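What follows is a set of notes on a single structure, which appears directly below.
Throughout, read-outs are computed from the coordinates displayed, never taken from laboratory work. What you see is a predicted model, and the numbers here were worked out from it, not measured in a lab. Positions of Cβ are generated from backbone atoms using ideal geometry, with glycine treated the same way; all protein chains shown enter the neighbour counts.
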Amino acid sequence: MTAQEIKEFCKNIGITQKELAEKVGMSQEGLNSILSTGKISKTLEASINLLMENEKLKQELKNYENLKNSLKQALS
């Protein structure tokens, strides 16, 4: 995982780097330092990968809810 991928992830889900830092349990300064050096620890990478998976699952759930509501309307 690269610093650019992390920045794009934040942009895609609409959070700031400060919010990402809070979600992974670190300071904004610490995250900024890591992103500027590109030295991303395995622990940070794993945390961000879990957040990515969580966001993907949230979107899938939203899609299923939309499908469920559409089916309810069609069958009513």
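Worth pointing out:
- Computed label-point distance, nm, for sites Gln4 and Lys42 using a 7 Å Cα→Cβ extension: 2.6 nm
- The loop-placed trypsin sites (Lys or Arg not before Pro) in segment 1-46, going by DSSP, that have at most 11 neighbouring Cβ atoms within 10 Å of their Cβ come out as Lys39.
- Using all pairs of distinct alpha-carbon atoms, the Kirkwood hydrodynamic radius of the chain works out to 13.9 angstrom.
- Note on the chain: with charges restricted to the Cβ of Lys and Arg (+1) and Asp and Glu (-1), its dipole about the Cα centre is near 180 debye.
- Sequence-ordered 3J(HN,Hα) estimates for segment 14-21 from the Karplus curve with 6.51, -1.76 and 1.60 and θ = phi - 60° stand at x, 10, 7, 5, 5, 5, 4, 4 Hz, glycine and proline given as x.
- Spatially proximal aspartates and glutamates relative to Lys39 (Cα-Cα < 15 Å; intrachain offsets below 8 disregarded): Glu5, Glu29
- Using a cutoff of 8 angstrom between alpha carbon atoms and counting only pairs six or more residues apart, the relative contact order for the chain works out to 28 percent.
- Restraint check, Lys23/Lys58; Lys18/Lys62; Lys11/Lys68; Lys23/Lys56; Lys7/Lys42; Lys42/Lys62, Cα-Cα greater than 20 Å: Lys18/Lys62; Lys11/Lys68; Lys42/Lys62
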